[in-house]
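Below is one structure, written out as structure tokens; the observations come after it.
No value in this document is a laboratory result; all are computed from the given coordinates. A quick note: this is a predicted structure, and the numbers were derived from the prediction, not measured. Glycine also receives a Cβ, built like all others from the backbone with ideal geometry; neighbour counts cover every protein chain displayed.
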Amino acid sequence: MQNIYKRMALAAALTGTVGVFQVAHAEDTMCEATYEEVAPIAMNMPYWEFDQSESGWRKLGDCHSESARLLGRFIKKQESELRGVRWHLAQALALDGENARAAAEALKSLNPDEATQHPTFSWNTYVQATVEFLRNDREAFDLQYEAHRKAAAQDAANKVNLDVLTGLSRCFGRPYKEAYGKCRSAP
């Protein structure tokens, strides 16, 4: 890619027809085109390949702005996937009766970008309500449960988690394993 830039600069110097601004603009255009080619493939790579191989973000070479953009997107994707894994760890701990550890892990699954990434999907109220169940704080649970109930009325995607919270509400104070299982309504 650097050779292309050198040839463009040499051609501009020899012909005198292309100014520095135009060369820079051509570089920007080439970087954007390379990004559009690389990004869809790179975003689906496993971590090691994306970060450490020449076929991941490094394929953008000297296109630093585009590299930063792609790296930022990949981090967001990884954070999102990691939140899901953390949530399932929290559930496994809760099902095993380790409520304090489960609550701590569940809090790590909160989405700080929920308002912009998924404005109608209320993940955070689901997490917070579950944490309050694990802490046995009925008042705090009810506040989050009500917020999630309202969210479910606005977006059907929230109804699956509302079913879980309804089970937790029905069996508040009982073990998570029981409330998560037997106390839920039929799907």
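The separation of segment 53-72 from segment 120-175, counted between C-alpha centres, amounts to 41 Å. A dipole drawn for segment 110-176 from +1 and -1 charges on Cβ atoms has a positive end, and of Cys171, Tyr145, Asn161 the residue lying farthest that way is Cys171.
Once the Cα-Cα distance is subtracted from the 0.36 nm per residue extended length, the Ala100 to Arg184 segment shows a gain of 28.0 nm.
Distance between the 7 Å Cα→Cβ label points at Ala156 and Ser55: 4.0 nm. Each of Ala104, Gln78, Cys63 was placed along the dipole of segment 27-107 (beta-carbon charges, centred on the mean Cα), and the one lying farthest toward the positive end is Ala104. Under 22 Å Cα-Cα from Lys59, which lysines qualify once same-chain neighbours fewer than 8 residues away are excluded? Straight-line reach from Lys59, under 22 Å: Lys6, Lys76, Lys77.
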